[in-house]
Amino acid sequence: MKLFSFTILFLQFSFCFSQTYYGQITTNENDSLSVQILIKGNMIFKNSKILSIQEKITVLNNGVSKDYYPKDLKSFKIKMEDNKVKTYDNVDNKIFAERYYSNKVKLYYKLVEEETIRSPYFTIYRVFLVKIPNQENMIELIPNGFSRLITQKEMLAKFTNCKISLGKIINDEIKIKNEEKLVEFIVDYEKNCFNN
């Protein structure tokens, strides 16, 4: 009975727990404010934190708490447990996505949660978003390779608009094994086709 009570108490604590992180927000008017960012909910799992801040952030500033949605901010920075500062940008006023690269071409990272019919009744998967200048729709890259983060087949299907980069993919000069290689590819892709 004690174990059962302890388990219920632990679960209740983890669902009600919230953590505060140092951060900085950039408003739509380009004002930068140093703030504390409060992440509410189940903080046991890293994915829960990421999913939480993708849709909104709660900011504590001078003792006042306020919710900000993507339409309210250009970006925000947050210093997580590993002492790394991560930047999240407003992407099309719909979501905050983690910035991996930002110049003419932009590369973002987000998580997607989908309901399933089997326990635990949801699945979470990663998506990389590539925003190209003067193009409304973004390229979505879903990591699903074993030896590569992004497969050659997916790269061939998604990057047809740039002959130089397409040739490198066809000739297997580009092997996206990890996030660093993906950023290198995006920098090269931008240089080859968007350097005008």
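Elements of the type helices (runs of 4 or more DSSP H) sitting completely within segment 133-195 and holding at least 2 residues that are under 24 Å from Leu111 (Cα atoms): these cover 152-158, 179-193. Could you please find all residues in segment 87-102 being without any contact (Cβ under 8 Å) to a residue 60 or more places away in the chain, surrounded by fewer than 19 Cβ atoms within 10 Å (Cβ to Cβ) and of a type in the set (Ser, Thr, Tyr)? The answer is Thr87, Ser102. Counting the residues of segment 100-132 that are part of a loop (DSSP other than H, G, I, E, B) and either of a type outside the set (A, V, I, L, M) or more than 22 Å from Asn161 (Cα to Cα) (or both) gives 8. If you check Leu129, Leu182, Leu107 for being among the hydrophobic types (A, V, I, L, M, F, W, C) and touching a helix residue (DSSP H, G or I) at 6+ places or on another chain (Cβ under 9 Å), only one passes: Leu107.
Checking Val105, Val127, Val183 one by one, the residue that is open to solvent by less than 20 Å² (accessible area, probe 1.4 Å) and in contact (Cβ under 8 Å) with a residue 40 or more places away in the chain is Val105 and no other. Mind listing just one residue for me: the one in segment 130-148 that is within 11 Å of Ile176 (Cβ to Cβ) and over 16 Å from the mean Cα position of the chain (by Cα) and, of those, surrounded by the fewest Cβ atoms within 10 Å (Cβ to Cβ)? Going through the qualifying residues, I end up with Ser147.
For segment 110-123, a tally of residues being in contact (Cβ under 8 Å) with a residue 24 or more places away in the chain and open to solvent by less than 50 Å² (accessible area, probe 1.4 Å) returns 2.
Which count do you get for residues in segment 144-172 that are under 17 Å from Tyr125 (Cβ atoms) and of a type outside the set (Lys, Arg)? So the answer is 7. Would you check if Gly23 is at pLDDT 55 or above, in contact with a helix residue (DSSP H, G or I) (Cβ under 9 Å, 6 or more places away or on another chain) and either of a type in the set (Gly, Ala, Ser) or open to solvent by 60 Å² or more (accessible area, probe 1.4 Å) (or both)? It is false that Gly23 is at pLDDT 55 or above, in contact with a helix residue (DSSP H, G or I) (Cβ under 9 Å, 6 or more places away or on another chain) and either of a type in the set (Gly, Ala, Ser) or open to solvent by 60 Å² or more (accessible area, probe 1.4 Å) (or both).
Residue by residue through segment 52-82, note down the ones that are of a type in the set (Gly, Ala, Ser) and in contact with a Ser or Thr (Cβ under 7 Å, 6 or more places away or on another chain).
The answer is Ser65, Ser75.
Of all the residues that make up segment 159-180, how many are within 14 Å of Phe128 (Cβ to Cβ) and open to solvent by less than 70 Å² (accessible area, probe 1.4 Å)? The total comes to 4.
The values are calculated or read from the model by the stated rules, or taken from the named source; none is laboratory data. Bear in mind that the values here come from a model prediction, so they are computed numbers and not experimental data. Cβ atoms come from the backbone with ideal geometry, glycine included; neighbour counts cover every protein chain shown. Surface areas here come from the heavy atoms of the whole protein model, side chains and all, with no ligands, DNA or RNA. Shrake-Rupley method; radii C 1.70, N 1.55, O 1.52, S 1.80 Å.
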